Amino acid sequence: MNTQANPIPTAERERGNRTIPRAIATIREVTGTDDRTATMLATALNEAGILADSSRNSLIVLRRSSSGQWTDEPRTDLETQALAWDAALGRAARLAEQIRTEQGGERAAGTGLLSVRTERERVLVSVQVTDITQWAGWCRYLGITQEEPGSPAHAYIGAGHRDGVAVSVVAYDAPATEARTVAAATMPYRYGGAVYDLALPLRDTEGAVWDYRQIRTDGMPLLSRRDDPTGARCSLGHVVQYAGPLTAVRDEAPVSAAGGAA
């Protein structure tokens, strides 16, 4: 017969507490006990509602009265804020580790990644840019939507969000790299951290080739897809968003609106 006050409902126990494996490992490490005993202790703590469980109602906390009974009480505002803060710190730490893993680690060859660290609930990334496409790629990858003048002058600074976490990035040598790219282009146009040479055909990720047609009244270039017989024109921003990134095709000339070589 279970005489425990306020036992955890069966349905909740069946969902499982993801904290239990960590509790078992901690008990085993601290006490030196065997796996069976550590598991029994962790399970008992969970049954008593003492073991933390992120899947439980975040607005309820178990408190022990002077009589030794456990009672459910709403969390205070301060406790709720503390939980939210802990969750934000956890999300930032997980994202930082995800970035390291997906990029092959800090200072991995070819990525330009220098460092990843957390500052409270934010993730701070620093990269080295040797090709302007790297900067555009980092903007897409990190969700950078705001670009600020670099300080120092030899870097770009960007801010944005990825997976609900605030991200800031410093891209060293990006201004100089962009300046070289612009100087080498016939019709340079900067968009989304990239520099496109509108004098060259542009190929999207599906292999379709786009040619520049004209500048829209708001300054946005309009392109047409070479294999589209209607000649419909799309903004560069639209093409980049839905079929990008775009790469320059340097081994053939662009096609004019009339169908001949420009």
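The values are calculated or read from the model by the stated rules, or taken from the named source; none is laboratory data. From a predicted model like this one, the values you see are computed outputs, not experimental measurements. Every residue, glycine among them, receives a Cβ derived from its backbone with ideal geometry; neighbour counts consider all protein chains shown.
In the list LEU45, LEU51, LEU41, which residue meets the criterion of being modelled with pLDDT of 85 or more and closer than 26 Å to LEU83 by Cβ? Before you say what the answer is, go through the steps one by one.
Working: LEU45 fails: modelled with pLDDT of 85 or more; LEU51 fails: modelled with pLDDT of 85 or more.
Testing whether each residue is modelled with pLDDT of 85 or more and closer than 26 Å to LEU83 by Cβ leaves just LEU41.
Among the residues of segment 216-225, are any touching a Cys at 6+ places or on another chain (Cβ under 9 Å), among the hydroxyl-bearing types (Ser, Thr, Tyr) and more than 26 Å from ARG180 (Cα to Cα)?
Going through segment 216-225, the residues touching a Cys at 6+ places or on another chain (Cβ under 9 Å) turn out to be 222-225.
Imposing the further condition that a residue be among the hydroxyl-bearing types (Ser, Thr, Tyr) reduces the set to 224.
Subset that is more than 26 Å from ARG180 (Cα to Cα): 224.
Yes, the conditions are met somewhere in segment 216-225.
Looking at GLN214, GLN241 in this structure, which one is surrounded by fewer than 16 Cβ atoms within 10 Å (Cβ to Cβ), without any contact (Cβ under 8 Å) to a residue 60 or more places away in the chain and assigned to a strand (DSSP E or B)? I'd like the intermediate steps shown before the answer.
Working: GLN241 fails: assigned to a strand (DSSP E or B).
After applying the criteria, what remains is GLN214.
When SER168 is evaluated against the numbered criteria (1) in contact with a Leu (Cβ under 8 Å, 6 or more places away or on another chain); (2) outside any strand (DSSP E or B); (3) closer than 30 Å to THR118 by Cβ; (4) not aromatic (Phe, Trp, Tyr), which criterion, by number, is the only one it fails?
Among (1) in contact with a Leu (Cβ under 8 Å, 6 or more places away or on another chain); (2) outside any strand (DSSP E or B); (3) closer than 30 Å to THR118 by Cβ; (4) not aromatic (Phe, Trp, Tyr), the lone unmet condition for SER168 is (2).
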